[in-house]
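Working notes for the structure below.
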Amino acid sequence: MFSPSIGVENDFLWGRQFLSRHTRFPGTYNSYRAIIERLLLWSWISERKSVLTLNRSDFGRFCSFCEQPPESWIGGGRRARFVNTNSGRVQNDSWRPFDASGQAGSDNYKPFTGTIRQVQSISSSFFNFLHANDAAAVNPVVMSRSKNGRADKRHQPSRHLLTPEQISTVIDVLERLAVIDATLERPLFIVAATVYMCLHGTDLASTDSYCPTMSCFVMEEDNWWFIIDRPGSSPHKLSVPSHFLPYLKRYRISRGLLPLPGRNEGEPLLHSNRGRLGLCERHIREVVSDALKQVHSDISEREGNCADWNMLLSSNMRFLKDSGAKMAALTHSPYELQRNLRSESLAYTYGRYYADS
């Protein structure tokens, strides 16, 4: 597909090495990967050249490209990059580098406020890394930045998140559906944990070396806490709000367990409907996506064609977490929310969840 003269494999190896330095926080890694991925693909496909040879004019065109990518580069929702088939693991033809979900009308895609600034920042870090390792002669980002380095906020869409009332409706519908179909207790638990505790999919997911258990929930001094202690990451202790506990109880009861966990309980936090212990992050995302589509179907049947709920069809766990954080901002201080989100920047937390409140 690519000319050998481009040096695609060499670019890929440099990109992978750079990303390996940013794996501590899953959210940070995903942001870095998305932008480096777009930069590499754009350089190979649109410019037909190695990313190591990009200059100031090239990078300026890349920023313009990110502001208005071709329709063929835009997807209506997040998709896995690869899928498993009978022939093995293959590329997913439905995956696209840009995701228009959460926007009103993907036909007029615009980057969210701060996206171009993030493109500049992450790309600059990447080129500094390349320059420090004698792989690239210059950092084209520094030369192409505007005077203040800020993204143009004109015409950039705001993020459409669920309101507190909509969150309540989603939870209520899932509760009602779970009474009819007990297998929906699991997605109800996951969705409630995401919006009320602002958990990431990785916080609940199992890997080859780690499987979170019910003992992650700990009672100390009459308060419940959720302990995240994944290998290779710093441990975190998150407060469990009282309004989440009913969902923990009903999920445990649906699995034949006591309503609340005991100390050192080794029961896996999640398991498949067939009894397999633990769920990977991708499986968790699929469970949540399917449940939100069921909620949308239920609301549509009862209330008719409701455009306000179409966002559920392309929603993901990040969308739910952000919606929950925006709701928590109404009753929590920025410092408290920053701690619960495990964000490194108080300014980022304030700007994202309080500035428009």
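Could you tell me whether Leu330 is in contact with a Cys (Cβ under 8 Å, 6 or more places away or on another chain) and open to solvent by 70 Å² or more (accessible area, probe 1.4 Å)? For Leu330, the condition - in contact with a Cys (Cβ under 8 Å, 6 or more places away or on another chain) and open to solvent by 70 Å² or more (accessible area, probe 1.4 Å) - is not met.
Tell me, yes or no, whether region 54-65 has at least one residue that is in a helix (DSSP H, G or I) and within 28 Å of Met317 (Cα to Cα). Taking every residue of region 54-65 in turn, at least one turns out to be in a helix (DSSP H, G or I) and within 28 Å of Met317 (Cα to Cα). Checking each residue in region 15-35 for being open to solvent by 50 Å² or more (accessible area, probe 1.4 Å), part of a helix (DSSP H, G or I), of a type outside the set (D, E, K, R) and out of contact with any Asp or Glu (no Cβ under 9 Å at 6 or more places or on another chain) picks out Gln17, Ser20, Tyr29, Asn30. Evaluate region 278-297: report whether one residue or more is over 27 Å from Phe25 (Cβ atoms), within 23 Å of the chain's Cα centre (by Cα) and without any contact (Cβ under 8 Å) to a residue 24 or more places away in the chain. The answer is yes; a qualifying residue exists. Tell me which residues, restricted to region 298-342, are under 15 Å from the mean Cα position of the chain (by Cα), outside any helix (DSSP H, G or I) and at negative phi. Listed by number, the residues that qualify are Ser315, Asn316.
When Arg263 is tested against (1) open to solvent by less than 80 Å² (accessible area, probe 1.4 Å); (2) more than 29 Å from Arg96 (Cβ to Cβ); (3) outside any helix (DSSP H, G or I); (4) touching a strand residue (DSSP E or B) at 6+ places or on another chain (Cβ under 9 Å), only condition (1) is not met.
Consider region 278-320 and keep the residues that are among the hydroxyl-bearing types (Ser, Thr, Tyr) and modelled with pLDDT of 90 or more. The one that is surrounded by the most Cβ atoms within 10 Å (Cβ to Cβ) is Ser289. Against the definition (open to solvent by 30 Å² or more (accessible area, probe 1.4 Å), under 16 Å from Asp11 (Cα atoms), over 20 Å from the mean Cα position of the chain (by Cα) and modelled with pLDDT of 80 or more), how does Asn133 come out, yes or no? In short, yes.
The values are calculated or read from the model by the stated rules, or taken from the named source; none is laboratory data. All values derive from a computational prediction rather than experimental measurement. As a convention, Cβ positions derive from the backbone with ideal geometry for all residues, glycine included, and neighbour counts pool all protein chains shown. Please note that ligands, DNA and RNA were not included when accessible areas were found on the heavy atoms of the full protein model with its side chains. Shrake-Rupley method; radii C 1.70, N 1.55, O 1.52, S 1.80 Å.
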